[in-house]
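Novice: Supplied in structure tokens, the structure appears directly below.
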Amino acid sequence: MRGEALLAVLQLSDSAFPSGRYTLSHGLETFAHEGLLETPCAPDTLAALLGDYIRFGVAPSDGIALACAHRTVGADGDVDTERLVHIDRRLSAVKLAREGREASARTGRALLAAAPAVAGVRMQGYLDLLEIGHAPGNHAVVLGLLSALLGIPPLGAVTGELSAFSTGWVAAAVRLGLTDHLSAQSVLRRVHPVLLNAAERAVAGDVDDISSCTPLPDLMSMRHEHAELRMFSS
């Protein structure tokens, strides 16, 4: 990966990027509040749970959608908008929890709003489709489109996205008191093999492969919607 593309990946996957993803726990808050995880929780347990999130949820859904969206951008910079919308709708269809769908669309719009600052492009055409309700504007789809325009290779873009998800997830675990900062870094290191393998599989996937099979995290996200006291928005 070229230096410029690497810097773009680092910028887009930075937890300080203004997309609002730091407000998400992806159901982890409910795991903690319902006593399904010990406090503090063993790093092995957290790494296994995060690995399942990546392998069965994030990579086959957001990861594949990102890679597919990346491929809608031609060598001349033209975008196959019809296929992009199809990818976007498919991704929303596999996000069972309402909070997850809404968070994905909300952070996607934030990423679209940041596109002029990040890449010097406005992507007004796709923003217009969102405004009329023709497409949901999922974060992974917008990221795939933006990554292609920035010259980031598909594997680099997907790996960066899975890394950003993992970093945000363990940061939520720290804020929930499930682990400390040093142990969180150990958790991240332990999931690297899973993350890299999942990224490679995601890049090879197509639209019909976009899927998700994380019943317990989905249930935790659904219960989170009705919690009276919440630190996170998902």
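Novice: Please work out which one of (1) farther than 25 Å from Met231 by Cα; (2) in contact with a Gly (Cβ under 9 Å, 6 or more places away or on another chain) is the condition Pro40 fails and give its number.
Specialist: Answer for Pro40: the failing condition is (1).
Let's see how each residue does on (1) open to solvent by 20 Å² or more (accessible area, probe 1.4 Å); (2) touching a residue at least 24 places away in the same chain (Cβ under 8 Å); (3) under 18 Å from Trp169 (Cα atoms); (4) touching a Gly at 6+ places or on another chain (Cβ under 6 Å):
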{"position": "Ser61", "(1), (2), (3), (4)": "no, yes, yes, no"}
{"position": "Asp76", "(1), (2), (3), (4)": "yes, no, no, no"}
{"position": "Thr81", "(1), (2), (3), (4)": "yes, yes, no, no"}
{"position": "Val85", "(1), (2), (3), (4)": "no, yes, no, no"}
{"position": "Asp88", "(1), (2), (3), (4)": "no, yes, no, no"}
{"position": "Ala97", "(1), (2), (3), (4)": "no, yes, yes, no"}
{"position": "Ala110", "(1), (2), (3), (4)": "yes, yes, no, yes"}
{"position": "Ala117", "(1), (2), (3), (4)": "yes, no, no, no"}
{"position": "Tyr126", "(1), (2), (3), (4)": "no, yes, no, no"}
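Condition check ((1) open to solvent by 20 Å² or more (accessible area, probe 1.4 Å); (2) outside any helix (DSSP H, G or I); (3) farther than 20 Å from Pro40 by Cβ; (4) among the polar types (S, T, N, Q)) across all residues:
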{"position": "Ile152", "(1), (2), (3), (4)": "no, yes, yes, no"}
{"position": "Gln185", "(1), (2), (3), (4)": "yes, no, no, yes"}
{"position": "Ala198", "(1), (2), (3), (4)": "no, no, yes, no"}
{"position": "Arg201", "(1), (2), (3), (4)": "yes, no, yes, no"}
{"position": "Ser221", "(1), (2), (3), (4)": "no, no, yes, yes"}
{"position": "Leu229", "(1), (2), (3), (4)": "yes, yes, yes, no"}
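Novice: Just a yes or no: is a residue in segment 126-148 assigned to a helix (DSSP H, G or I), within 14 Å of the chain's Cα centre (by Cα) and over 19 Å from Gly108 (Cα atoms)?
Specialist: For segment 126-148, residues assigned to a helix (DSSP H, G or I), within 14 Å of the chain's Cα centre (by Cα) and over 19 Å from Gly108 (Cα atoms): absent.
Novice: Same structure, new question: Specify the residue that is most open to solvent (accessible area, probe 1.4 Å); the eligible residues are those in segment 10-23 that are among the polar types (S, T, N, Q) and within 14 Å of Val142 (Cα to Cα).
Specialist: Ser13
Novice: Closer than 25 Å to Val9 by Cα and either in contact with a strand residue (DSSP E or B) (Cβ under 8 Å, 6 or more places away or on another chain) or not charged (D, E, K, R) (or both): does that describe Ala227?
Specialist: no
Novice: Hey, does segment 45-54 have a residue that's under 21 Å from Arg106 (Cβ atoms) and surrounded by 19 or more Cβ atoms within 10 Å (Cβ to Cβ)?
Specialist: Yes, the conditions are met somewhere in segment 45-54.
Novice: Still on this structure, please answer the following. May I ask you to list the residues in segment 203-219 that are open to solvent by 70 Å² or more (accessible area, probe 1.4 Å) and either among the aromatic types (Phe, Trp, Tyr) or touching a Phe, Trp or Tyr at 6+ places or on another chain (Cβ under 9 Å) (or both)?
Specialist: Residues satisfying the conditions are Cys213, Leu216.
Novice: Separate question: Just to be sure I understand, how many residues within segment 24-38 are out of contact with any helix residue (DSSP H, G or I) (no Cβ under 7 Å at 6 or more places or on another chain), within 20 Å of Gln185 (Cα to Cα) and open to solvent by 40 Å² or more (accessible area, probe 1.4 Å)?
Specialist: 1
Novice: What do you reckon, is Arg101 over 26 Å from His26 (Cβ atoms) and either open to solvent by 60 Å² or more (accessible area, probe 1.4 Å) or in a helix (DSSP H, G or I) (or both)?
Specialist: No, not satisfied.
Novice: Could you pull out the residue among Leu178, Leu188, Leu196 that is more than 19 Å from the chain's Cα centre (by Cα), of a type in the set (A, V, I, L, M, F, W, C) and modelled with pLDDT of 95 or more?
Specialist: Leu178
The values are calculated or read from the model by the stated rules, or taken from the named source; none is laboratory data. Keep in mind it's a predicted model, so treat the numbers as computed, not measured. Here the Cβ is made from the backbone with ideal geometry for all residues, glycine too, and neighbour counts use every protein chain on show. Surface accessibility is based on the protein's heavy atoms, side chains included, excluding ligands, DNA and RNA. Shrake-Rupley method; radii C 1.70, N 1.55, O 1.52, S 1.80 Å.
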